[in-house]
1. How big is the antiparallel share of DSSP beta bridges in the chain, given as a percent to the nearest 5?
2. Quote to one decimal, in nm, the extra length available between LYS104 and ILE158 on full extension: 0.36 nm per residue of separation minus the C-alpha distance between them.
3. I need the calculated FRET efficiency for the pair ALA172 and ARG142, taking r as the beta carbon distance and R₀ as 22 Å, to the nearest 0.05.
4. What is the distance in Å between the Cα centres of segment 247-277 and segment 151-208?
5. When only the heavy atoms of the protein chains count and the probe is 1.4 Å, how do HIS261, HIS73, HIS247, HIS56 rank by accessible area, highest first?
6. Tell me the accessible surface of LYS128 in square angstrom (1.4 angstrom probe, heavy atoms of protein chains only), to the nearest ten.
7. If a/c stays under 1.5 just call it rounded; otherwise compare a/b with b/c (prolate if a/b is bigger, oblate if not). Do that for segment 57-177, with a ≥ b ≥ c from the square roots of the Cα gyration tensor eigenvalues.
8. So, taking all protein chains as they sit and a 1.4 Å probe, how much accessible area belongs to THR100, in Å² rounded to tens?
Amino acid sequence: MKKIVLCIISLSIILPALAQHEPAYVLYNSKGKKVPYKKMIRSVQGKDVVLFGEFHNNPISHWLELEVTKDCHQFRDLVLGAEMFEQDNQTALDLYLQDTISAKGLDSSARLWKNYPTDYAPLVNFAKENKIPFAATNVPRRYASMIFHGGFEALDTIPAIEKAWIAPLPIAYDPELPGYKKMLEMMDGHSGENLPKAQAIKDATMAHFILKYYKPGSLFIHYNGAYHSDNYEGIVWYLKKQKPMLHIATITTVSQKNILHLLKENKNRADFIICVDEDMTTTY
């Protein structure tokens with residue numbers, strides 16, 4: 001009996017110690033210094049807009065999105081928004097938030113991502129339970145596809161009523177932004193010059209609807225792929241162009257083999273950097 005008790009006591013000491021040496025993620029500031037989660041919350045809760053850059057299939061990103069949202073809600077009125085909802089699905093999203101249609105009705109009315117039930121439904125349901133507005137900020141994907149094939153000029157052909165789902169045209173576009181230039185380099189020129197333009201219409205549209213739904217005095221938390229706000233480009237560039245005095249915080253996600261020291265290439269991507277073990281399981 002004594003041996004069993006000693007074994008249980010030993011495990012209770014050893015297992016937590018092992019867990020401390022195998023963290024799922026480490027949080028850093030832009031300079032690569034480790035920071036406590038609570039310090040990040042204190043920092044971001046005082047901003048106007050927080051852009052949370054995720055890996056779409058990373059469970060740590062999704063878990064922290066919900067935790068950050070819950071914790072900020074304790075101190076600030078919130079407005080939420082997400083790349084994962086396209087603007088022409090705003091009506092369906094609003095009806096769900098108002099409890100007019102069911103989760104099944106939302107699924108049949110809106111183009112939900114395949115990982116919506118596990119990764120985004122918790123955020124939407126938190127908004128619903130707490131009567132928080134939730135903006136569908138992304139451009140309908142068919143318009144981004146049109147730009148990819150025909151440039152910005154392709155949007156001249158769509159009906160005026162549908163242009164309400166897009167950032168006002170013509171949109172500002174700087175092909176010399178490092179992120180857009182790198183996109184072309186990665187494709188080795190095979191996509192022509194339209195690939196970064198298709199990215200830009202998403203960035204511009206998300207920024208436009210963040211500003212449209214933002215309420216002075218509130219905190220707008222926006223969930224988007226990390227590449228839409230990394231290095232203070234993308235959405236950040238468009239927000240700053242329209243509202244230079246807006247106070248913005250950025251969070252991003254990176255993946256490394258060794259998460260205890262942030263790699264040089266991952267520094268300065270955002271104000272706060274979630275460094276996740278590259279062996280972390282994915283949601284799809």
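1. The answer is about 20 percent antiparallel.
2. Extending this stretch completely gives an extra 16.4 nm.
3. That gives a FRET efficiency of 0.50.
4. Their Cα centres are 26 Å away from one another.
5. Ranked list, largest accessible area first: HIS261, HIS247, HIS73, HIS56.
6. For LYS128, the solvent-accessible surface is approximately 50 Å².
7. Here segment 57-177 falls in the prolate category.
8. The accessible area of THR100 comes to roughly 90 Å².
The values are calculated or read from the model by the stated rules, or taken from the named source; none is laboratory data. All figures in this text were calculated on a predicted structure; none of them were measured in a lab. Here the Cβ is made from the backbone with ideal geometry for all residues, glycine too, and neighbour counts use every protein chain on show. For accessibility, only protein heavy atoms count, side chains too; no ligands or nucleic acids. Shrake-Rupley method; radii C 1.70, N 1.55, O 1.52, S 1.80 Å.
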